[in-house]
1. Once you have the alpha carbon radius of gyration of the range 369-429, what is it after dividing by 2.2 N^0.38 Å, with N set to its residue count?
2. For the chain, with only Lys/Arg (+1) and Asp/Glu (-1) charged at the beta-carbon, what is the dipole magnitude about the Cα centre, in debye rounded to 20?
3. Could you give the size of the charge dipole of the range 118-180 about its Cα centre, using +1 on the Cβ of each K and R and -1 on the Cβ of each D and E, expressed in debye and rounded to the nearest 20?
4. Looking at VAL83, LEU146, THR185, which one has the Cα that reaches farthest to the positive end of the dipole of the chain (charges on Cβ: Lys, Arg +1; Asp, Glu -1)?
5. Quick one: net charge around ALA94, please, counting Lys, Arg +1 and Asp, Glu -1 for every other residue with C-beta under 9 Å from its C-beta.
6. Taking the dipole about the Cα centre of the chain, with the C-beta of Lys and Arg at +1 and of Asp and Glu at -1, give me whichever of PRO287, TRP28, SER211 is farthest to the positive side.
7. Name the residue from VAL374, THR363, ILE392 whose Cα lies farthest towards the positive end of the charge dipole of the range 339-398, charges +1 on Cβ of Lys and Arg and -1 on Cβ of Asp and Glu.
8. Suppose the Debye formula is applied to equal point scatterers at every Cα of the chain; what is log10 I(q)/I(0) at q = 0.07, 0.09 Å⁻¹?
Amino acid sequence: MAAGVGAGALESQQLTTTDRARMVATVWSDARYNYAFWDRVRADWDSALDANLAVATFRQSDLAFWRRLRTLVALLNDGQAAVVPPPAVRARSARPPVRLVAVEGRPFVLAYAENDELRIAHPERGVEIVSVQGIPAALWIRDSILPEIAASNPATRWDRAVEAMLDGERGTPLQLELKLPSGATRGASLTRTVTGMDRWPLEPPALVIDSLPGGVYIVRLNSCADPGVAERFDRAFPRFTGVHGLILDLRENEGAGGGRESAYRILARLVAHPFVTSRWRTPQYRPAYRGADMPDSAGAWFSAPPDTIQPRGDLPSYAGPLALLSSPRTAGAAVDLLVAFRNAQRGPVVGEPSAGGTGQILTLPLIRGWSFRVTVTRDAFPDGTEFAASGIAPEMAVTETVAEFQAGKDPALDRAVAWVRERAGAGGP
């Protein structure tokens, strides 16, 4: 071993040419025979295999190869698909501690975690990023970020690309041009410091509850994965005393880590009657079904009916006005909850269409600590209506404008609050 070369550096550069070729072939094959939405793949998957096998022969870092695999997997249009590298590789990818959000398709700063660098840059909320490394932001996202983003629909893909637009190799600098709400522009220098192995400093708590005058409560369910989230909801609302309106906010719930059972436990306290979940089916590969007249075996499926969830009897239920907020970031287990909420006919969905990506994920091992995950069930409403491609549309569509965002307004929340107050005043659920 050469002097000064750490074990971590060697571990992050461990793949051989043969390793890379095997990983490409395994991802290609596992996706081909397990992905539940093969009809949504518009790319030539065989040509993608040829191209990536050729690239696998090039000398490259494991981080660069990971990016190549991300581009391959993005062709599936699966919002839950991913190639997950070992910790040594994830620790080499980083972003500044700045949270970005797309508003009318443009990237804006939502929040940041203060450090020495950001005290100087001070990219306050409402500042727009107009260029990165001298490249206009829209072009930077389209050419450098978007091809690697896995998503089920274009709106969610762009939203996720904006969120990831400052990602890159740890320790590398970024030169940004910022546009202030006043219209003035200035530069800012940031460094990619928070790695994929670090706790994201801007991660919101799993459950945040805010109250408004008149007994209206906002329940921000930001994650269903925390196993104690339903119990914390119960402690906050043991009897719903003084609650005249509830808004369940799933806009920041990306569904990572699962947790739909906890979500159903919360919803089971907000209904008076049983409700059903989504139905699902998964591909059954049958070689005899393949041939010149049927080149794909996806016509064979194992199907399962919806589950029925009973209202909880251990604590009082809430029967007052209830609305739910969704956005293109609402995904995974949060979409499972959204489907059940729609089936329960408990109130309106307000905001923007959801990400659509949900269903059971299969995680498959590759080599050397790498893995590949892909959606293997095709979820739908009980009547068979699918939503993976378009997301679930709200009954009350509300899209935030740049002017509203920079003024600190929340039009979707305002619409939901107005609705529950109107219903509460009318004395109806």
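1. 1.78
2. Magnitude of the dipole: close to 400 debye.
3. Charge dipole, the range 118-180, about its Cα centre: 100 debye, nearest 20.
4. VAL83
5. Cβ neighbours under 9 Å give a net charge of +1.
6. Positive-most Cα among the choices belongs to PRO287.
7. It is THR363.
8. Log-scaled intensity ratios, in q order: -0.38, -0.64.
The values are calculated or read from the model by the stated rules, or taken from the named source; none is laboratory data. Computed from a predicted model, the values in this text were never measured in an experiment. A quick note on method: Cβ atoms are made from the backbone with ideal geometry, for glycine too, and the neighbour counts reach across all protein chains shown. Note: areas computed on protein heavy atoms with side chains; ligands, DNA, RNA excluded. Shrake-Rupley method; radii C 1.70, N 1.55, O 1.52, S 1.80 Å.
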